[in-house]
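Undergrad: Have a look at this one before I ask anything.
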Protein chains: 2
Amino acid sequence: MSEKEWNKLGAYLKETQILGSIQSTLYWDQNTGMPKKGASWRSEQLTYIAKILHKRNSSEEFSDLIKAAQDEFRGGLDKSLNQEIIRSKKRNLELLIKEFNRQKNLDAKLVEALAKAKSKGYESWQEAKRKSDFEIFLPIFKNLIELRIEETKQISDKYTPWETLAQPFEPDLTLEWLNKIFQPLKETIPSLISDLNKSEKYHWDLSPKSQQNLCSKLLDEFGRDEDLVVVAKSPHPFSITLGPDDYRITTRVVEGEPLSSFLATAHEWGHSIYEQGLPSQSHQWFAWPLGQATSMGVHESQSLFWENRIVKSKSFSKRFFKHFVSEGCSLNNHLELWKSINHLKAGLNRVEADELSYGLHILIRTELEIDLIEGGLEAKDVPSEWNKRYEELLGIRPSNDAEGCLQDVHWSEGAFGYFPSYLLGHLISAQISSQMEKEIGLIDNLVEDGEYEKIILWLKNNIHNYGRSVNSMKLVRNVTGEELTSKYFVNHLRSKIKDFC
Amino acid sequence: MSEKEWNKLGAYLKETQILGSIQSTLYWDQNTGMPKKGASWRSEQLTYIAKILHKRNSSEEFSDLIKAAQDEFRGGLDKSLNQEIIRSKKRNLELLIKEFNRQKNLDAKLVEALAKAKSKGYESWQEAKRKSDFEIFLPIFKNLIELRIEETKQISDKYTPWETLAQPFEPDLTLEWLNKIFQPLKETIPSLISDLNKSEKYHWDLSPKSQQNLCSKLLDEFGRDEDLVVVAKSPHPFSITLGPDDYRITTRVVEGEPLSSFLATAHEWGHSIYEQGLPSQSHQWFAWPLGQATSMGVHESQSLFWENRIVKSKSFSKRFFKHFVSEGCSLNNHLELWKSINHLKAGLNRVEADELSYGLHILIRTELEIDLIEGGLEAKDVPSEWNKRYEELLGIRPSNDAEGCLQDVHWSEGAFGYFPSYLLGHLISAQISSQMEKEIGLIDNLVEDGEYEKIILWLKNNIHNYGRSVNSMKLVRNVTGEELTSKYFVNHLRSKIKDFC
């Protein structure tokens, strides 16, 4: 099979990837190193790169390159023998064409208006949150919703408006599918919460330095290669890939929450190890779609796996307690550490939520979003609707907008359709964990023996290595032999609650 | 005066500056945060940006924009009244045209060959230095010299080949001028060294953490704005500007050298405060030539001023000794600290050289370079010539190439013409300091009173604010009323030696 046109397309994608990774590096620096006053120039740099990237991704040149590569591929099809390469190439082309079509239908004016609205939205949200006043954010919020609805009209694919916005995060997601999976949770979780006895909260703290040391030890325990993965501090923890061999993780220290940085590090490690395991063969490398993560739901499943399945396991506390002791932790034994890590209490805040109530935070946001985009809910009614639904589902009511509907950043940047990924991540993680245990033994035993390499290898072979060759639904089916369901997650919650009673 | 074309040119320059500052950000991250394995992808990113930058700086579009702005400027000349703006615009145009002409004559093939040779040269030099074997570096060194000589032929301006290479660092420099200034030093410094009694070396050290604390306190003392200037660690200290309001400084801890990071911080602060003081009016802003530093000699004069005039002053040791004590310094009093900071001893290493012998290191390199580029010295003879000249001028002989001609990075990247800037910096700093003392009082007194703001204001008004509106020769003349001379530097050395006797 001739590969001339294919390689030309690859060279184009690589250049796009270089620009994309430069954008990521600027973003990384913005969050970990940049002095405050550098913000305005940084935004000029980022706008500049975003403009070039959009141009590249919707250019005629790109379209021609894809077509030529496709023609070459079709022409050479029967002459080639390696079926796996053919499948990969086909899938790469399909994904490129899908994304290109999404981009090309967008009016340049809309793209610019959206970019501006997002940056204005973020600013306005910050102020509104600080002053706990939704009214400040309302005008730009309305504008963002209108613009994104307009976007869905211009894209005009087979999906409903909200589904269209969710596609980049969870490809092939439909409302019907989502409903089927989420509905049981809406019914089950509140009853589980009411079953729960009061979970004891231990009051203790660690110095920032000790927390940092524990995070380092945690990554050493997991087998981090320091020449490959760098850690820094940032206001919000995140994980980012800056090159095929350049991974970064951030964490933050929260006063009075000695486990916050620790759990965040485990979480971001999960994201990072997924990216590290993505396929890197030349035809599906870094720059090609197949070299990328398949969905945000799967991404979250990987971070949540390390946070909730590994670090929150009993054997992990048993194994790691000595390190907490040597950093001055005042808990009496590893069971107290385990209880501390697994403290269950429904609160108003999503980020700080326990495994049990987390899903409800997502259900409320998801439903509100869908109502906003295609259900006729007016932007101005979000605060009252938010509070009402929190009261209904979690039995608590925010006392102001800052701890209510203004708590999360997503909507301020017009990101609708992202929230479900978090809950899908919990579900996927649970279902996959169950399969992993069938194949290589109980996680509790693996952790007890420090068999992290074995765990990573299993994840790599069953999840990471597939990149975008399959969507999340198919990935879950392939790995576990059944469709994604909430039952494994609910079982996990039940057994955790049992442990506490 | 219409400014339509002028503003178009400004917009183009701003875009170039955005790209340049992205390049700098990648470089910053490479040296402060990047994991080792990220190097290869980073080099792809940097090559990509360098290619775009070269294209922009030598494009027909750029040339047309300059011409149009020039025509507009000339056409509107007599209608305008503000002479200062006219002068600035004229100078901006002159500098842009000069640089464009330098770029446009270069063959694209040569540019590429040079880029490759530089990166190969750096690699090969690292290996050669590690193994202390000049022969490893020799082939690529020869190639670099040939390519850079070819470059001077293509540029073909009024300068000699070596002068041509030195222009980007020290605009308008000629060998005749340089000789006149450097010759007295070659005669004077060796005799000063022989006059010097043995300067006592104190043996003490500080923990890395203490050194870091002292560097922070130093910057606080100087009035650093933390929202504007960020500090990090890197293998080699440097200062870099990433945006109009984004300054970065790095330092490193050297075992057994408790003052190394401290002096480096003072040095980099000097570079940074110069950049912070550059003119920022719209017509000579960040992106325009006039908003930039006028020469590397002047840049070095600013860093050396803070390192040698401020931190090495007696009153600084007196004022700052308490901080050294609180960080566990074992010296007995501030005089011992002062002697420690000012320890004078000729050695083989330029970077660790004292103020007295520093000039000789530069003289040797400068003469060797000139001989290599236009004096018929063969690359293979550099080690023996190097050693011979060190013996003649400093009375010491390197025992191997690593501590001899392989010690500095500059030639490995084909950077010829840079070294004199260091010595010019010493001279400019001395001459300017003398003028400053006439105008606002003795530096020793200013430091004693902590009048750093007053010092910075004087530097800003007399040096920083001029940007590239005048070259270094004119700047020195304007500030001090006389041509640059070595006498102020020699006087400074004499008085320092006297202090020690």
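Undergrad: Whose amide H sits under 5 Å from the amide H of residue A:232, counting only residues 5 or more places off or on another chain, with H placed in the peptide plane?
TA: The list, which skips near neighbours in sequence, is A:249, A:250, A:251.
Undergrad: Here's another thing I want to ask about it. Return the Rg/Rh ratio of the protein assembly as shown with Cα-based radii and a Kirkwood Rh.
TA: Values: Rg = 32.1 Å, Rh = 32.2 Å.
Reported Rg/Rh (Cα atoms, Kirkwood Rh): 1.00.
Undergrad: With θ set to phi - 60° and the Karplus curve 6.51 cos²θ - 1.76 cosθ + 1.60, what are the ³J(HN,Hα) couplings of segment A:441-450 in order, to the nearest whole Hz, using x for Gly and Pro?
TA: Using θ = phi - 60°, the values come out as x, 4, 4, 4, 6, 4, 5, 4, 8, x Hz.
Undergrad: Residue by residue through segment A:362-375, what is 3J(HN,Hα) from phi via Karplus (6.51 cos²θ - 1.76 cosθ + 1.60, θ = phi - 60°)? Round to whole Hz and write x for glycine and proline.
TA: So the J values, rounded to whole Hz, are 6, 4, 4, 5, 4, 5, 4, 4, 4, 5, 5, 7, 9, x.
Undergrad: Could you give, in nm with one decimal, how far residue B:205 is from each other copy of that position, shortest first, with labels 7 Å out from Cα toward Cβ?
TA: Label-point distances to the other copies, shortest first: 3.6 nm.
Undergrad: Then there is this: Label position 7 Å from Cα toward Cβ: report the copy-to-copy distances for residue B:43 in nm, one decimal, ordered from shortest.
TA: The projected label point of residue B:43 is separated from its counterparts by 3.8 nm.
Undergrad: Please check which bits of segment B:254-286 a label hung off residue B:14 would reach, taking the label as a point 7 Å along Cα-to-C-beta and the cut-off as backbone N under 16 Å.
TA: The answer is B:280-286.
Undergrad: Across 10 Å bins from the origin, how do the percents of Cα pairs in segment B:349-415 run, short distances first?
TA: Per 10 Å bin, starting at 0, the Cα pair percentages come out as 19, 60, 20, 0.
Undergrad: Once the label point is set 7 Å along the Cα-to-beta-carbon vector, what list of distances in nm do you get between residue A:3 and its counterparts in the other copies?
TA: 5.5
Undergrad: Just to be sure I understand: of the beta bridges DSSP finds with both ends in the protein assembly as shown, what percent are antiparallel, rounded to 5?
TA: Around 50 percent antiparallel, to the nearest 5.
Undergrad: Give me, ordered by chain and number, the residues 5 or more places off residue A:470 or on other chains with an amide H under 5 Å from its own placed amide H.
TA: none
Undergrad: Round to the nearest 0.05 the FRET efficiency obtained for residue B:491 and residue A:205 when R0 = 60 Å and r is the Cβ-Cβ distance.
TA: Values: r = 59 Å, r/R0 = 0.99.
Here the calculated transfer efficiency is 0.50.
Undergrad: Apply 1/(1 + (r/R0)^6) to the Cβ-Cβ distance of residue A:83 and residue A:126, taking R0 = 41 Å, and write down the FRET efficiency to the nearest 0.05.
TA: Efficiency for this residue pair is about 0.20.
Undergrad: Mind listing the phi-derived Karplus ³J(HN,Hα) values for segment B:233-240, rounded to whole Hz, using 6.51, -1.76 and 1.60 with θ = phi - 60°, and x for any glycine or proline?
TA: Result, ordered by residue: 9, 8, x, 10, x, 7, 10, 8 Hz.
Undergrad: Please compute, for peptide B:243-249, the average count of beta-carbon atoms on other protein chains lying within 10 Å of each residue's beta-carbon.
TA: Mean partner-chain Cβ count within 10 Å for B:243-249: 6.
Undergrad: Mind checking Rg over Rh on chain A, alpha carbons, Kirkwood formula for Rh?
TA: In chain A, Rg relative to Rh is 0.95.
Undergrad: Given a Förster distance of 22 Å, report the FRET efficiency between residue B:153 and residue B:104 from their Cβ-Cβ distance, rounded to the nearest 0.05.
TA: According to the calculation, E is roughly 0.90.
Undergrad: Under 19 Å from a point placed 7 Å out from the Cα of residue B:391 along the Cα-to-Cβ direction: which residues of segment B:362-376 have their backbone N that close?
TA: Only B:364-365, B:368 fall inside the zone, counting backbone N under 19 Å.
Undergrad: Same structure again: Between residue B:483 and residue A:343, with labels modelled 7 Å along Cα→Cβ, what's the label distance in nm to one decimal, could you check?
TA: Taking the two extended label points, one gets 7.6 nm.
Undergrad: Let me ask something else. Could you line up A:119, B:412 from fewest to most neighbouring Cβ atoms inside 10 Å?
TA: Fewest-to-most Cβ neighbours within 10 Å comes out as A:119, B:412.
Undergrad: Given the rule -39500 (n - 2.57) for each run of at least 4 DSSP H residues, summed and divided by the residues of the protein assembly as shown, what is its mean residue ellipticity at 222 nm, to the nearest 500 deg cm²/dmol? Could the numbers behind the result be given before it?
TA: Working: 40 runs with 630 residues, N = 1002.
Value at 222 nm, helices only: -21000 deg cm²/dmol.
Undergrad: To continue, here is another question. I'd like to know how segment A:4-166 sits against the 2.2 N^0.38 Å rule of thumb: what's its Cα Rg over that expected value?
TA: Numbers: Rg = 19.9 Å, N = 163, 2.2 N^0.38 = 15.2 Å.
Computed over Cα atoms of segment A:4-166, the ratio equals 1.30.
Undergrad: Next question, about the same structure. Between the alpha-carbon centers of segment A:276-347 and segment A:89-108, tell me the distance in whole angstrom.
TA: If you average the Cα positions of each part, the centres end up 34 Å apart.
Undergrad: Got a sec? Charge dipole of chain A, +1 on Cβ for Lys and Arg, -1 for Asp and Glu; which of A:27, A:287, A:160 is way out at the positive end?
TA: Toward the positive end, the furthest listed residue is A:287.
Undergrad: Taking other Cβ within 10 Å of each residue's Cβ, how do B:170, B:327 sort, fewest first?
TA: B:327, B:170
Undergrad: Name the residues of segment B:458-501 whose amide N is less than 13 Å from a point 7 angstrom out from the Cα of residue B:434 along the C-beta direction?
TA: Under cut-off, by backbone N: B:477, B:480-495.
Undergrad: Can you list residues whose amide H is under 5 Å from residue B:354's amide H, if they're 5+ apart or on another chain and H is modeled 1.01 Å from N?
TA: B:345, B:347
Undergrad: Ranking B:323, B:410 by Cβ neighbours within 10 Å, fewest first, what do you get?
TA: Taking fewest neighbouring Cβ atoms as first place, the list is B:410, B:323.
Undergrad: Another question about this same structure. Would you mind working out the magnitude of the charge dipole of the protein assembly as shown relative to its Cα centre, with +1 at each Lys and Arg C-beta and -1 at each Asp and Glu C-beta, to the nearest 20 Debye?
TA: That gives the protein assembly as shown a dipole magnitude of about 100 debye.
Undergrad: In whole percent, what relative contact order does chain A give with Cα contacts below 8 Å and a gap of six or more residues?
TA: 20 percent.
Readers should treat all values here as calculations from the given coordinates under stated rules, not as data from a laboratory. Quick caveat: nothing in here was measured; it's all calculated off a predicted structure. With ideal geometry, Cβ positions are generated from the backbone for all residues, glycine too; neighbour counts draw on all protein chains shown.
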